[in-house]
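Here the structure comes first, spelled out in structure tokens, and everything after it is commentary.
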């Protein structure tokens, strides 16, 4: 299967050796699996024989999803988790002991920021933030003998920082450290961190992989030793298992992943181009635009820029909220990476607690608006934006 | 060169294995069959990744090893599930357990076909008997069926069959009157049909007598046994040929979705039809007519139903006891004109129902150690009041849910005249005995004290008490925001 093309793997990988002859993987909504005999039970528990034991750490439907994700990310294995955050937590918990450190870009999703900032402290460990992640020297400076892995989210949510993965991977390799990439925004359909030199990939599969905002999920794709280590010593005791039904929904999502990502990219580019030309727009942050500072990094490592973007409205906080309220197709919600287009106003929602001064330091202005562009008809999306801009005039 | 012998041989061996396994189930009690059905440990280990719960085969079709296997499978020569309109592993597991439960204690071999709803079960069960005689196309067909049936059944019989197809529904008004049944039968009658206990009228008749009558005229007796479920009544063991179930109801108290089933005994009696149809009606129905007509169940619903059925007996016991308690309370209530429940001695059919409705296996239950009567959880009350006051009482319920539903683990009420039996009109309601002051109650597994409190409070509107309508909150307990704020 590893020699097959991406789309073939997205539809078929992970089912070899699977007994049922069904067109679609059955949903094994079952927590336990009987053994042929006591001998077999002992062998499976010792890990000498493949087999399922208990649904918290293994399940046949979830196993197909894990194998399929490993095939798509070109890793030896994968372990699914209840959410993207639990995937990152399981990985961190497995890799880091008290007194040790993680080096991470500070341009990460807020949940990840909190986990590293607060969670690691509680584990007796700490994070060394790279506050200027464009600079390789900054990364190098943050590394100490206690560092266990480098973590980067690229493109990042919501700032859309893009890391030079091969350069960062070379640095990690020279320090004999694994590089972990959060590939949630691009998905393996657009970016393959392992082939760019990374060692481990994490995902919130809740986003583009599932694709329709129905099911939470996360996954760690990496070397067998790490993945199975998390299975035996992490998820088994910590417990954030993915539900079989969610794994099945994610498998269905994978079948159309590259078709959807293609359309997401196409629509996002159309919207970004429209916004860039609009007189009420100060700037547009979308890596697909030539004006974007990261644009030169795209071609060597990404097939497309996905559909997360932000722009600054030429106006006030109130103008931004009026604009959002005027939108009719684009939904006002705190989510991204789904078929439906979503708008978020960070200043009044996700980042409102920061206050204006802190917000500006983090690069968020009161009139900044974030989009996750969906796969609706391009003309309707632009029409929706156009009428919302017009509503500001009245 | 085609050689399907390899597969036929294997199928023969498999058939012996399954026959022996089914034989071993004959020793099992009802609860054991309800919990395990036909899903054996071997079935799990060899074919289903060892999953202890039957998997949800959410898949349209089966893949085959080669052309030979496909040929043998599509010719129904080997076990197969081929395409989910015809069959599906999850659905087989549901059908297996339903066949075992309906046949329980009878020594009969039974089979089952699951359908997408109770109504499609009825349509599937009766349609094969309503075929035109190719040698005598002008003969008008008829069937004899009780009038006290669920409103949907009434419409299927009255409109879809009688009015649109010219297939006469000969209505039995008093189903306990055997002479009336017999007087309606002629050489063009194709089957006898009865719903019992009926919804909501709780009609009940002597199945063995009506079955004997049907068989005397070489006709099958079809029974809708939805209200009783096999935990309380098993019509096949009493002589009926075919049972239909709206599995949606008490078989699936959780109310997750819609589901139906047709269960038959081997070698049914019928004046028409090919030998294969009569030999194993439900299997024939599954593999041929329903393949072509397509009222298939979703595999997801099949497994959700299976999970509900595992606790059927104890739930029917508890809900029947609760209903008995509540019916006795209502019978004494000053604002209640009449309570209809088969468990009440005042009910004219109480004695007859008591001869047949027992909690299965109660004699082996350490709580009872003897056969105990249980009458299900459907009852009705007629209030001393006008149709408008009936609505007021109904609107006063706070614990009991107002819904067009029954069979739930939650208590539910409806006014049949304005809901389930609205479509059949005033005349049809008179025939079926549905007055406008009748409230149908289906009692759930709540503590009966709480249900009684709710009923008492709602009935107090007849004392002139005004039950204020409280405004709801603006955010839900589940965290959903309300549309109210948007106004």
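Things to note:
- Taken as a whole, region A:60-75 holds no residue that is assigned to a loop (DSSP other than H, G, I, E, B), crowded, with 24+ Cβ neighbours inside 10 Å, within 14 Å of another protein chain (Cβ to nearest Cβ) and in contact (Cβ under 8 Å) with a residue 12 or more places away in the chain.
- Test set (1) away from chain B (no Cβ under 14 Å); (2) assigned to a helix (DSSP H, G or I); (3) within 22 Å of residue A:249 (Cα to Cα); (4) touching a helix residue (DSSP H, G or I) at 6+ places or on another chain (Cβ under 8 Å) - residue A:8 fails condition number: (4)
- Any chance residue B:258 is farther than 22 Å from residue B:110 by Cβ, outside any helix (DSSP H, G or I) and in the same structural domain as residue B:61 (by TED's automatic domain parsing): yes
- Scanning region A:23-39 for residues that are in contact with a strand residue (DSSP E or B) (Cβ under 7 Å, 6 or more places away or on another chain), at the interface with chain B (Cβ under 7 Å from one of its Cβ atoms) and in a loop (DSSP other than H, G, I, E, B) yields A:23, A:26, A:29.
- Some residue of region B:231-246 being surrounded by fewer than 22 Cβ atoms within 10 Å (Cβ to Cβ), touching a helix residue (DSSP H, G or I) at 6+ places or on another chain (Cβ under 8 Å), part of a helix (DSSP H, G or I) and in the same structural domain as residue B:111 (by TED's automatic domain parsing): yes
- Boolean, residue B:441 is more than 22 Å from the chain's Cα centre (by Cα) and outside the structural domain of residue B:172 (by TED's automatic domain parsing): no
- Qualifying residue in region A:134-155 (condition: in contact with a helix residue (DSSP H, G or I) (Cβ under 7 Å, 6 or more places away or on another chain), within 22 Å of residue A:363 (Cβ to Cβ) and surrounded by fewer than 17 Cβ atoms within 10 Å (Cβ to Cβ)): yes
- Positions within region B:161-188 being outside any loop (DSSP other than H, G, I, E, B) and either in contact (Cβ under 8 Å) with a residue 12 or more places away in the chain or not assigned by TED's automatic domain parsing to the domain that holds residue B:272 (or both), in sequence order: B:161, B:165, B:168, B:169, B:170, B:171, B:172, B:178, B:181, B:182, B:184
- Remark: residue A:354 matches the filter, which requires a residue to be surrounded by 13 or more Cβ atoms within 10 Å (Cβ to Cβ), part of a helix (DSSP H, G or I), without any contact (Cβ under 8 Å) to a residue 12 or more places away in the chain and outside the structural domain of residue A:134 (by TED's automatic domain parsing).
- Residue check for residue A:54: within 7 Å of another protein chain (Cβ to nearest Cβ) and surrounded by 13 or more Cβ atoms within 10 Å (Cβ to Cβ): no
- Positions within region B:26-50 being modelled with pLDDT under 95 and more than 20 Å from residue A:21 (Cβ to Cβ), in sequence order: B:26, B:27, B:41
- Any chance residue B:188 is closer than 20 Å to residue B:277 by Cα and surrounded by fewer than 18 Cβ atoms within 10 Å (Cβ to Cβ): yes
- Restricting B:369, B:408 to residues that are assigned to a loop (DSSP other than H, G, I, E, B) and in contact with a strand residue (DSSP E or B) (Cβ under 7 Å, 6 or more places away or on another chain) narrows the list to B:408.
- Extreme residue, nearest to residue B:55 (Cα to Cα), among residues of region B:299-320 that are surrounded by fewer than 18 Cβ atoms within 10 Å (Cβ to Cβ) and within 11 Å of chain A (Cβ to nearest Cβ): B:300
- Applying the criterion of being in a loop (DSSP other than H, G, I, E, B) and touching a strand residue (DSSP E or B) at 6+ places or on another chain (Cβ under 6 Å) to the residues of region B:291-329, the residue that is farthest from residue B:260 (Cα to Cα) is B:295.
- Residue check: residue B:450 meets all listed conditions (1) assigned to a loop (DSSP other than H, G, I, E, B); (2) in contact (Cβ under 8 Å) with a residue 24 or more places away in the chain but one, namely (1).
- Residue that is nearest to the chain's Cα centre (by Cα) [pool: residues in region B:39-64 that are over 21 Å from residue B:314 (Cβ atoms) and more than 8 Å from chain A (Cβ to nearest Cβ)]: B:40
- Any chance residue B:34 is in contact (Cβ under 8 Å) with a residue 24 or more places away in the chain, more than 22 Å from residue A:58 (Cα to Cα) and out of contact with any helix residue (DSSP H, G or I) (no Cβ under 9 Å at 6 or more places or on another chain): no
- Comparison of B:103, B:23, B:96 shows that the only residue that is farther than 24 Å from residue A:51 by Cβ and touching a helix residue (DSSP H, G or I) at 6+ places or on another chain (Cβ under 7 Å) is B:103.
- Top-ranked residue in region B:65-85 [being within 10 Å of another protein chain (Cβ to nearest Cβ) and over 16 Å from residue B:283 (Cβ atoms); ranked as surrounded by the fewest Cβ atoms within 10 Å (Cβ to Cβ)]: B:65
- Any hit, region A:77-85, residues being in contact (Cβ under 8 Å) with a residue 12 or more places away in the chain, assigned to a helix (DSSP H, G or I), buried (at least 22 other Cβ atoms within 10 Å of the Cβ) and touching a strand residue (DSSP E or B) at 6+ places or on another chain (Cβ under 9 Å): yes
- Residue in region B:413-425 that is closer than 24 Å to residue B:312 by Cα, in the same structural domain as residue B:334 (by TED's automatic domain parsing) and not in a loop (DSSP other than H, G, I, E, B) present: yes
- When residue B:20 is tested against the conditions (1) modelled with pLDDT of 90 or more; (2) within 14 Å of chain A (Cβ to nearest Cβ), the lone failure is (2).
So that you can scan it fast, the table gives a plain yes or no per residue for (1) out of contact with any helix residue (DSSP H, G or I) (no Cβ under 6 Å at 6 or more places or on another chain); (2) buried (at least 18 other Cβ atoms within 10 Å of the Cβ):
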site	(1), (2)
B:123	yes, yes
B:130	yes, no
B:146	yes, yes
B:151	yes, yes
B:158	yes, yes
B:166	yes, no
B:178	no, no
B:183	yes, no
B:193	yes, yes
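- Those residues of region A:225-252 which are within 14 Å of another protein chain (Cβ to nearest Cβ) and in contact with a helix residue (DSSP H, G or I) (Cβ under 9 Å, 6 or more places away or on another chain), in sequence order: A:243, A:244, A:245, A:246, A:247, A:248, A:250, A:251
The values are calculated or read from the model by the stated rules, or taken from the named source; none is laboratory data. These figures come from a predicted structure and were not determined experimentally. In this analysis, Cβ positions are derived from the backbone assuming ideal geometry, glycine residues included, and neighbour counts consider all displayed protein chains.
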